[in-house]
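Report on the structure given below.
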Amino acid sequence: MHYIEESLLEGIRLNDTDTLEYIYKKFYPSIKNFIILNSGTEEDSKDIFQESIIVIYRRLKTQKDFTISCSFKTYMYSISRNLWLKELEKRKTEQAKIKNTEEFESTNCEIQDPVSNPKEERYKLYQNHFLSLSKDCQQVLRLFMDKVSLKEIAKIMGYTSEKYAKKRKYQCKEILVKRIKNDPYYYKSI
Amino acid sequence: MKNIENSLVALIDRKINNELNPDELRKLDKLFENDDHLRDDVALHQEIDEAISETNVLELRQNLNNIHEQTQNPERKTLVRSLFRSKLHRIAAAAFFLVFIFGSISLYFMNGDEPVSNDNLFRIYYQPDAALLIRGQAENKMLIEGFQKYENRDYTNALALFNKLLAQDPDNIPVQFYAGISNIETGKYRNALKPFNHIINDDQNLYQDKAMWYSGLCYLKLNETDKAFAIFKNISTSNSAYKYKAKNILKSIRN
């Protein structure tokens, strides 16, 4: 594997902002062109591009000897292409054949495993709704997930009592569950 | 007012975290025996907890969102580019431009200084949000039917179903949103403002940016330019996905 590919993968593994900015500037425009050429929108492009990085991140975390056999650009394109095909299938777009942009015409990288599984798709939905909660709700739920004591949570969050900390947790959880259940994509994913 | 500590959410959460006493646990398990939905709810809660425990993935998602915001410089985006987003939009844009150019030439001869009308701005920027294909359980029949009708562009009947759903659950944000779009599609711009305002006032949710954008467009269509201007101004200074479109529209809007 080339040095550049190695350093980009390492940057993703470490969630390194400089690397991710570089990846965004360098590769996002061509992925966006591809998505838009194939019936997508800018929002779809953003979603697919980010999800491709998450797919690589998950692979890096679960497969210790993870390597890629082509350039990073081609690999990103292959993952984005597969994710977008899957999405088009869900939307039942009547598209006989996906069109490649010129620069990717003859390039494709073999991806052995499926790019994402239904559970990961559901996680994406839950996580995006979680990130749309107020900062206060996100923090209180994270503290509970990290098994921080009620006393500590009340102190960190500036709540008057431990009882209120617990109440706030349930309120935030209720908001999150309701938003997920109300999201039409939830019914697509179950 | 409902006591959150005794709610189903709290009960399920306590079960997942092994906080129920044996008596409570026995009673709950008995309930579960005969209720598939309850069992599904517990599974959903467990999965949500797993998903939000993925701190690293959540941080990566947040980082990517921030980078997207910073690195994409849609200042360079023009109105023309934003119109060419898909084949359908290209066809619509081409058709509109023909009408628009013809109209502009006519206007030039009538009055060279005439700005773009609010109605034309609406036509340039408005497009209905993508239809959603959903499948689900029997309990969501009306919801599924509503979205199917929306998808088939049967906005009148979709709206009737959305309104029924909202009478039962006004906090269903996606239904509020698509009720708003259905109102626009059926020419009821004033009625569309109600669901959009409901979304805007509902704390934080995934539909807020969209609701703001469409309510601004409704005010444009209603020729209430001051209100439209205030909304687009607000969007243009926020982190909304529509901020650059709002900046563009502000340049064209009549003061």
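The values are calculated or read from the model by the stated rules, or taken from the named source; none is laboratory data. Note that the coordinates shown come from a computational prediction; the quantities given were computed from them, not determined experimentally. Note: ideal-geometry Cβ built from the backbone for every residue, glycine included; neighbour counts use all protein chains shown. Heads up: the accessible areas ignore ligands, DNA and RNA and are worked out on the full protein's heavy atoms, side chains in. Shrake-Rupley method; radii C 1.70, N 1.55, O 1.52, S 1.80 Å.
Please give the per residue volume of the convex hull enclosing the alpha carbon atoms of region B:125-252, rounded to a whole number of Å³.
Details: hull volume 13.0 nm³, N = 128.
Spread over its residues, the Cα hull of region B:125-252 gives 102 Å³ apiece.
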quick shape note, chain A: Cα extents on principal axes in Å, largest first -> 63, 41, 27
In order over region B:231-238: 3J(HN,Hα) from phi, Karplus 6.51/-1.76/1.60, θ = phi - 60°, whole Hz, x for each Gly or Pro, gives 5, 5, 5, 4, 5, 5, 9, 9
One finds the C-alpha centres of region A:138-176 and region B:204-255 to be spaced, in Å, by 36
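Using protein heavy atoms only (no ligands, DNA or RNA), what is the total accessible area buried between B and A, 1.4 Å probe, nearest 100 Å²?
Values: alone 16670 and 12500 Å², together 23070 Å².
The summed interface area works out to 6100 Å².
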Reported to the nearest 10 Å², A:Ser7 has, with a 1.4 Å probe, an accessible area equal to 50
Along region B:145-161, Karplus-curve 3J(HN,Hα) (6.51, -1.76, 1.60; θ = phi - 60°) to the nearest Hz, with x for Gly and Pro, reads 4, x, 5, 5, 5, 4, 4, 7, 6, 8, 5, 5, 6, 4, 4, 4, 5
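Quantify how strongly other chains surround peptide B:144-156 by giving the mean number of their Cβ atoms within 10 Å of each of its Cβ atoms.
Values: counts 2, 0, 1, 2, 0, 0, 1, 2, 0, 0, 0, 0, 0.
Mean inter-chain Cβ contacts per residue within 10 Å come to 1.
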Summed over the other residues with a beta carbon less than 13 angstrom from that of B:Ser53, with K and R at +1 and D and E at -1, the charge totals -4
Under the helix-only model (-39500 (n - 2.57) for each DSSP H run of 4 or more, divided by the residues of chain A), the mean residue ellipticity at 222 nm, to 500 deg cm²/dmol, is -22500 deg cm²/dmol
PRE zone check, label point 7 Å out along Cα-to-Cβ of B:Asn239, amide N under 20 Å, scope region A:120-164, hits A:124-143
Given a Förster distance of 45 Å, the FRET efficiency implied by the Cβ-Cβ spacing of B:Asp36 and B:Thr225, rounded to the nearest 0.05, works out to 0.25
XL table A:Lys61/B:Lys15; A:Lys135/A:Lys166; A:Lys147/B:Lys27; A:Lys86/B:Lys141; B:Lys221/B:Lys245; B:Lys164/B:Lys194; Cα-Cα > 23 Å flagged, in table order, is A:Lys61/B:Lys15; A:Lys147/B:Lys27; A:Lys86/B:Lys141
Measuring from the longest principal axis of the C-alpha atoms of chain A, the long axis of helix A:42-62 (C-alpha) lies at a number of degrees, nearest 10, equal to 80
Taking the alpha-carbon centre of each part, the distance from region B:35-64 to region A:4-65 in Å is 23
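When the gyration tensor of region B:4-53 is built from Cα positions, what are the square roots of 5 times its three eigenvalues, in whole Å, from largest to smallest?
Values: eigenvalues 61, 37, 18 Å².
Square roots of five times the eigenvalues give 17, 14, 9 Å.
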Sorted list, accessible surface of protein heavy atoms, 1.4 Å probe, largest first, for B:Met142, A:Met157 is B:Met142, A:Met157
